[in-house]
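One structure below.
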Amino acid sequence: MPARTLRSLPPEAAALALPALRELRPESPHTASPEALQAFLALTQPEGYRLVGAFEADQPAAVAVAGYRVMHLLYAGRTLYVDDLVTRPEARGRGHAGALLAWLEGEARNLNCTEFHLDSGVGPARYGAHRLYLNAGLNLTAHHFAKELP
C-alpha cells in the first residue's frame, strides 16, 4: 500500500482537490475548473468551509478529499459537519476515507466540537460508504429532506 499523508488544502491549492471532488460532484458548476473551485472556496470561507486531502507519494493531486466546516446547532451545539468526502476510484480500498474520518474526528475534538456529523446519499452505490461510516462509530440519527427551488 502506498504511503499516505494528510494535509489541509488552502484555497490556492484547490486544484489538488479537484479530481476527487469531480468524482463526487461531477455536475456541480463549482467543480468545472480550478478557478470555479477557488471561487467557491472564497465564497464559503466566511462560513468556515475547509478542505483536507489524502495524498499518495506518487500522486500530485489528492487521492481523497473531505470538505468540512464548524457550525453551531441548537440541538447539538458546536458541530463539525462534513459536506463532502470522496476517494478517487483508483485509490479506493486503501483506507484513505477512513484516515480522513479519523483526522476529521480529531479536528472536531481540537476545535472543541461536541458532535461530528455528515450526510450521505442513499442507494446501492453508497452501501460501502455507509459501512465505513458505521464502522467509524457514526450512527444513523436522522433523515435529511431536501427540495430544489427554481
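The values are calculated or read from the model by the stated rules, or taken from the named source; none is laboratory data. Because the structure is predicted, anything quoted here is derived from the model rather than measured. Every residue, glycine as well, gets a Cβ built from its backbone with ideal geometry; the counts of neighbours run over all protein chains shown. Heads up: the accessible areas ignore ligands, DNA and RNA and are worked out on the full protein's heavy atoms, side chains in. Shrake-Rupley method; radii C 1.70, N 1.55, O 1.52, S 1.80 Å.
Of a type in the set (Val, Ile, Thr) and in contact (Cβ under 8 Å) with a residue 60 or more places away in the chain: does that describe residue 82? For residue 82, the condition - of a type in the set (Val, Ile, Thr) and in contact (Cβ under 8 Å) with a residue 60 or more places away in the chain - is not met. For the condition assigned to a helix (DSSP H, G or I), at pLDDT below 95 and farther than 24 Å from residue 16 by Cα, residue 109 does not qualify.
Regarding segment 89-99, can at least one residue be identified that is aliphatic (A, V, I, L, M), open to solvent by 100 Å² or more (accessible area, probe 1.4 Å) and either under 14 Å from residue 6 (Cα atoms) or modelled with pLDDT of 95 or more (or both)? No: segment 89-99 contains no residue that is aliphatic (A, V, I, L, M), open to solvent by 100 Å² or more (accessible area, probe 1.4 Å) and either under 14 Å from residue 6 (Cα atoms) or modelled with pLDDT of 95 or more (or both).
Rundown of residues vs (1) small (Gly, Ala, Ser); (2) modelled with pLDDT of 95 or more; (3) in a helix (DSSP H, G or I); (4) surrounded by 16 or more Cβ atoms within 10 Å (Cβ to Cβ), yes/no style:
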residue: 67; (1), (2), (3), (4): yes, yes, no, yes
residue: 70; (1), (2), (3), (4): no, yes, no, yes
residue: 78; (1), (2), (3), (4): no, yes, no, no
residue: 81; (1), (2), (3), (4): no, yes, no, yes
residue: 103; (1), (2), (3), (4): no, yes, yes, yes
residue: 122; (1), (2), (3), (4): no, no, no, no
residue: 142; (1), (2), (3), (4): yes, no, no, no
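Looking across 20, 54, one residue alone is assigned to a helix (DSSP H, G or I), crowded, with 20+ Cβ neighbours inside 10 Å and touching a strand residue (DSSP E or B) at 6+ places or on another chain (Cβ under 8 Å). It is 20. With respect to residue 37, determine if the residue is assigned to a helix (DSSP H, G or I), open to solvent by 60 Å² or more (accessible area, probe 1.4 Å) and over 14 Å from residue 85 (Cα atoms). Criteria not met by residue 37. The residue pairs whose first member lies in segment 49-73 and is under 16 Å from residue 38 (Cα atoms) and in contact (Cβ under 8 Å) with a residue 40 or more places away in the chain, whose second member is β-branched (Val, Ile, Thr) and open to solvent by less than 50 Å² (accessible area, probe 1.4 Å), and whose beta carbons are closer than 7 Å, counting only pairs six or more residues apart or on different chains, are 51/65; 53/65; 65/86. Residue 16 meets each of the listed conditions (1) closer than 17 Å to residue 99 by Cβ; (2) touching a Ser or Thr at 6+ places or on another chain (Cβ under 9 Å) apart from (2). Between 43, 80, 18, 73, the distinction of being within 27 Å of residue 113 (Cβ to Cβ) and within 15 Å of the chain's Cα centre (by Cα) belongs to 80 only.
Residue pairs whose Cβ atoms lie under 6 Å apart, separated by 6 or more positions or on different chains, with the first residue in segment 97-124 and under 14 Å from residue 76 (Cβ atoms) and the second part of a helix (DSSP H, G or I) and open to solvent by less than 70 Å² (accessible area, probe 1.4 Å), are 116/105; 116/108.
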